[in-house]
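Okay, so here's the structure we're looking at.
Coordinate-derived values only; no laboratory data. Predicted, not measured: the structure shown is a model, and the values here were computed from it. Heads up, the Cβs are rebuilt from the backbone with ideal geometry, glycines too, and the neighbour counts pull from every protein chain shown.
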Amino acid sequence: MPSRTFTSPPPTFRVPLAVLLGAIACWFVFNWTQPAGPGLDPDAVQYVAAAKSLAATGRLEVPDDGWENTDSVEALAHFPPGLSTVLAGPVALGADPLQAARVLNGAAALVLVALVFMLVSWAEGRAAGSVAAIAVAVTPAVAFVFLDVLSEPLFFALMATALACMVWRPRSPVWAGVAAAAAALVRYAGVSVVAAVGLWSLLLPGTRRERIRRAVMAGIPGAVALGAWAIRTRLETQGESIRRFSVYGQIAPTLREGARTLAGWSAPLADGAWRVIPAVIAACALAVLVVDALRRWTVRDRLLGGQRARPDDGGAPARLIVAATLVMAVCYVGVVVSARLFADPNIPLDDRLLAPLMLLVMVALVATLSNGWRVWRRPARIAAAVLLIGWTVASAWATAQEGSYAVETGNDYADLGWFGSPLIAWVRDHGGGRELYTNYPTALYFQANRFSRALPQAPTSDTARAFAERVAEDHGLIVAFNRSSQFVASATALMQLVPPPVHVVFRSHDGAIYELPR
């Protein structure tokens, strides 16, 4: 960490190049989310529905798809309100929420790439800043989330803003605190950003009183925002908890999934069991280069007599950025692991959840390797260049392939299979005024603009009988898609248990629609 003599110099903004790189990233987002995009993840129902509700009624409400529930909507609780609140503004002005999300993703890409460039270029020059910006932009796990209606793009932009405030405005921690509070209201994992800005304020030079004062100032915005949201949620849900806190074991499968995700990050084009070999080779080569760069930092510090953080020391800005990103990365890992252990055993360590960690580590790696580049001999420079160019080309190829797929086929519930579904077309044309029950409520919400209720999971004879009575009483329709997934109920298993008579209203290659007599 910086010593007591360190004073952060004002950053030299290279705005034109930063805006250019950010605009290129924004263009790719717009290009890859053109119709039938953006992609529609199941979580998008919560974001879009809450935005529409807030724009129309001033309340954050989402569909309640429990088949046994009497209410059709419930208060937004499982997701924070940040993204829905931002989208509600354009929706209130008449904009389509999906296109508003598309514009927001493009703007977030511009901010993220521009800030990464400015941070690293401030410490290591324009070349290093460009490398960092490109590396972040082509990282598949980071790029993929910009293709869907998700909260990650806005979260990344706010996380980068908080990081920039930590580095450039260490004496005014409230700025980083406000950005961190906004990040926490966009994703619950943003609690890690609140923790990071507070910890960073404690670690910066100063007396104990100064450090505590800075940490309190940094933490106040996050505490106020999260406290207000927690009180609102408890009142809206009548005290019902959205998570059951306990000590959940069996973390080994989760860690194995995380290891596979990191291996995929290291070797973007490798697949299957062979992915481990190039991933290990790349990780070992990178570790050697990083250790050598850090060793040379240490040697240079000793030659400078221990004054590691003097303003005239060329490595001080790079160390500041590396330290800040690692603090944020450690806090993020701590929050995710704690949530997995004590809040939700189903948290996956997949690309989506580990993307913020990859982003932060990428910034720290480029800053570290760029600082070592100045003193490396030709063999080390060649090794670093080969590693970086090879990984960048592979990552860019994988990202481009995913972008092309998003344009040609559509991601998730925006793909052509759902858009051209005969079952959904029948619901649009003939299902008006009928209560809908289905194994894919998300498909009907986005493709038929209809609320629906989910089929019962793991049905028994008693459950099927009660469900049939509910459908018959509501004069409802069962829209049973043939598709199967571990995350949705099996329509086939349910219909085998539903007592006759059952009337087939419509049948097609992708499923059938049933009604039950009253």
(message) For the chain, take the longest principal axis of its alpha carbons; what is the angle in degrees between that and the long axis of helix 82-92, to the nearest 10 within 0 to 90?
(response) 60 degrees
(request) Quickly work out the Arg169-to-Ile277 label distance, labels modelled 7 Å from Cα along the C-beta direction, and quote it in nm with one decimal. (result) 5.1 nm
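Within the chain, what percent of beta bridges assigned by DSSP are antiparallel, to the nearest 5? Numbers along the way, then the final one.
Working: 13 of 20 bridges.
Given both bridge residues lie in the chain, the antiparallel proportion sits at roughly 65 percent.
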(message) For a quick check: with amide H placed at 1.01 Å from N, whose amide H comes under 5 Å from Asp148's, ignoring anything fewer than 5 positions away on the same chain?
(response) Gly39
(message) With θ taken as phi - 60° and the coefficients 6.51, -1.76 and 1.60, list the Karplus ³J(HN,Hα) couplings across the stretch 43-56 in order, rounded to whole Hz; mark glycine and proline as x.
(response) 5, 5, 4, 5, 5, 6, 4, 5, 5, 4, 5, 5, 5, 8
(request) Tell me the label-point distance for the pair Tyr405, Val375, using the 7 Å Cα-to-Cβ offset, in nm and rounded to one decimal. (result) 4.4 nm
(message) Over the chain, what portion of Cα pair distances is larger than 46 Å, expressed as a whole percent?
(response) 18 percent
(request) Quick one: which residues, 5+ away or cross-chain, put their amide H under 5 Å from the amide H of Leu477? H built at 1.01 Å from N. (result) Glu435, Leu436, Tyr437
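Would you calculate, for the chain, the mean residue ellipticity at 222 nm contributed by helices, counting each DSSP H stretch of 4 or more residues as -39,500 (n - 2.57) and dividing by all residues, to the nearest 500?
Numbers: 20 runs with 327 residues, N = 518.
Per the formula, -21000 deg cm²/dmol.
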(request) Name the residue farthest towards the positive end of the dipole of the stretch 370-474 from the options Ala448, Ala398, Val386, assuming +1 on Cβ of Lys and Arg, -1 on Cβ of Asp and Glu, about the Cα centre. (result) Val386
(request) Using the Karplus curve 6.51 cos²θ - 1.76 cosθ + 1.60 with θ = phi - 60°, work out ³J(HN,Hα) for each residue of the stretch 381-398 in order, rounded to whole Hz, and write x for Gly and Pro. (result) 5, 5, 4, 5, 5, 4, 4, 5, 5, x, 5, 5, 5, 5, 5, 5, 5, 4
(request) Bin all alpha-carbon pair distances of the stretch 420-515 at 5 Å intervals from 0 and give each bin's fraction as a whole percent. (result) 3, 14, 28, 28, 19, 8, 1, 0
(request) Quick one: angle between helix 173-186 and the longest Cα principal axis of the chain, in degrees between 0 and 90, rounded to 10, please. (result) 20 degrees
(message) Quick check: Cα centre of the stretch 461-518 to Cα centre of the stretch 140-216, how many Å?
(response) 48 Å
